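Chemist: Submitted below is the structure of interest, expressed as structure tokens.
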Amino acid sequence: MTPSSPAAGAGAAPDAGAAPRSGHVAAVLEAVTLLGRAIAAERRTPFEGRSLTRSQMETLFLLAHDAAPVTPGRVAERLGLTAGAVTQLVDGLKHEGLVDTARHPEDARSRILRLTDGAARQVARFEADTVARLSPSFDRLRDDELVELARLLRAVTEGEH
């Protein structure tokens, strides 16, 4: 919808540009879905044969890459989970020896989650293996195109969190 088009809703005139744009969005979503499947194809084996759920995997990668200390509340926000679901998720990761907790450096009432040293090594190894496995899929793109693709995907996904 363009800024000058009528507001969406019942009785609103269709936006002439909406059909082509929605087709482009659908094509991007299809490509991202296929890429996600390729990444997830190895999901069951990266952590010494452990079978991890998608939420557990996402939590591990959030802990590996988030610049700020990660609290259970941050996990809930990023993954769209309830506090109770995060508690169960974290308990499972702690039981597997992948995550531990510590006092928040700025708020003693709060806890932060962090990867164990072993889990950090496993995440790094999994990422390196995944990049090596999927790199041929990106051979048709120049380095500047890869940089732009990463920027565009971040622009879309940062608004989700």
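Chemist: What's the number of the only condition in (1) under 30 Å from residue 136 (Cβ atoms); (2) outside any helix (DSSP H, G or I); (3) of a type in the set (A, V, I, L, M) that residue 35 fails to meet?
Modeler: It fails just one condition, (2).
Chemist: Please tell me if residue 133 is under 14 Å from residue 59 (Cβ atoms) and touching a residue at least 60 places away in the same chain (Cβ under 8 Å).
Modeler: Considered against the rule, which asks whether it is under 14 Å from residue 59 (Cβ atoms) and touching a residue at least 60 places away in the same chain (Cβ under 8 Å), residue 133 comes out as no.
Chemist: Can you name the number of the only condition in (1) within 19 Å of residue 65 (Cβ to Cβ); (2) in contact (Cβ under 8 Å) with a residue 24 or more places away in the chain that residue 151 fails?
Modeler: All conditions pass for residue 151, except number (2).
Chemist: Which residues, counting only those in region 71-97, are closer than 21 Å to residue 47 by Cα and within 18 Å of the chain's Cα centre (by Cα)?
Modeler: 75, 79, 86, 89, 90, 93
Chemist: Return yes or no: is residue 8 over 25 Å from residue 152 (Cβ atoms), at pLDDT below 75 and aliphatic (A, V, I, L, M)?
Modeler: No: the conditions fail for residue 8.
Chemist: Tell me which of these residue 78 doesn't satisfy, since it passes every other one: (1) closer than 12 Å to residue 115 by Cα; (2) of a type in the set (Lys, Arg); (3) in contact (Cβ under 8 Å) with a residue 60 or more places away in the chain.
Modeler: (1)
The values are calculated or read from the model by the stated rules, or taken from the named source; none is laboratory data. On a predicted model such as this, the values are computed, not experimentally measured, just so you know. Note that we place each Cβ from the backbone using ideal geometry, even for glycine, and neighbour counts take in every protein chain shown.
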